[in-house]
Amino acid sequence: MQSLEAVRKERDEYYDLLLRKQAEFENYRKRTNKEREEARVSAIADLSKELLVVLDAAEKGLEALQAHASDQRLAGYREGYELLLRNLRAVLGKFGVRELSAVGEKFDPSLHEAVNTHATSEHEEGQILEEYRKGYTISDRLLRPAQVKVAVPGSQSSK
């Protein structure tokens, strides 16, 4: 027959094993939840990138219609484009897609893509002067960088 001390030692070993298995399971649960969330955000990001192409085209279409704002025959088309844009932005926003601010901001290569520069003494070096294409983030990740024109020192345009 086992002594009381041997039984206590065996109990403590089993208790220690139980605690380790509980900790392993908790770590497994956290890891799988994180992986599942990353897969969800990745899937939404892939779809959102495709929708951004549609959003860009609709914005350009509305800009073209705004150039002819005095033509009342185009009012229905303008309203349609505005509705389309509102709905696209609402859907993207529902899934965490956010537009980056660019014009007037300091150039950040992790958020912006400089596609043009402008030599000027009127603006601070690195200040974004113009935005050619909007940038977007999703869940604190860059979805698409903003394409911008950046101020550089000097007095003549370059690039």
Just give me the residues in region 65-74 being among the aliphatic types (A, V, I, L, M) and exposed (fewer than 12 other Cβ atoms within 10 Å of the Cβ), in sequence order.
A67, A69
Please enumerate the residues belonging to region 28-54 that are in contact (Cβ under 8 Å) with a residue 60 or more places away in the chain and of a type outside the set (G, A, S).
V41, I44, K49, L52
With criteria (1) touching a Leu at 6+ places or on another chain (Cβ under 9 Å); (2) at pLDDT below 90, F95 comes up short on (2)
Could you tell me whether any residue of region 112-122 is of a type outside the set (K, R) and closer than 25 Å to V41 by Cβ?
yes
Set A90, A69, A75, A146: member being of a type in the set (A, V, I, L, M, F, W, C) and in contact with a strand residue (DSSP E or B) (Cβ under 6 Å, 6 or more places away or on another chain):
A146
Sole residue being charged (D, E, K, R), surrounded by fewer than 17 Cβ atoms within 10 Å (Cβ to Cβ) and in contact (Cβ under 8 Å) with a residue 12 or more places away in the chain, chosen from K134, K106:
K106
Taking the criterion of being in contact (Cβ under 8 Å) with a residue 24 or more places away in the chain and not β-branched (V, I, T), would at least one residue in region 68-84 satisfy it?
yes
Which listed residue is outside the structural domain of D140 (by TED's automatic domain parsing), among the acidic types (D, E) and closer than 23 Å to K94 by Cβ, from E38, E63, E26, E10:
E38
Residues within region 116-147 that are aliphatic (A, V, I, L, M) and under 17 Å from the mean Cα position of the chain (by Cα), tallied
4
Taking region 148-159 on its own, how many of its residues are under 26 Å from the mean Cα position of the chain (by Cα) and modelled with pLDDT under 90?
0
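The values are calculated or read from the model by the stated rules, or taken from the named source; none is laboratory data. This structure is a prediction, so every number in the text was calculated from the model and none was measured. Quick reminder, even Gly has a Cβ in these numbers, built from the backbone with ideal geometry, and neighbours come from all protein chains shown.
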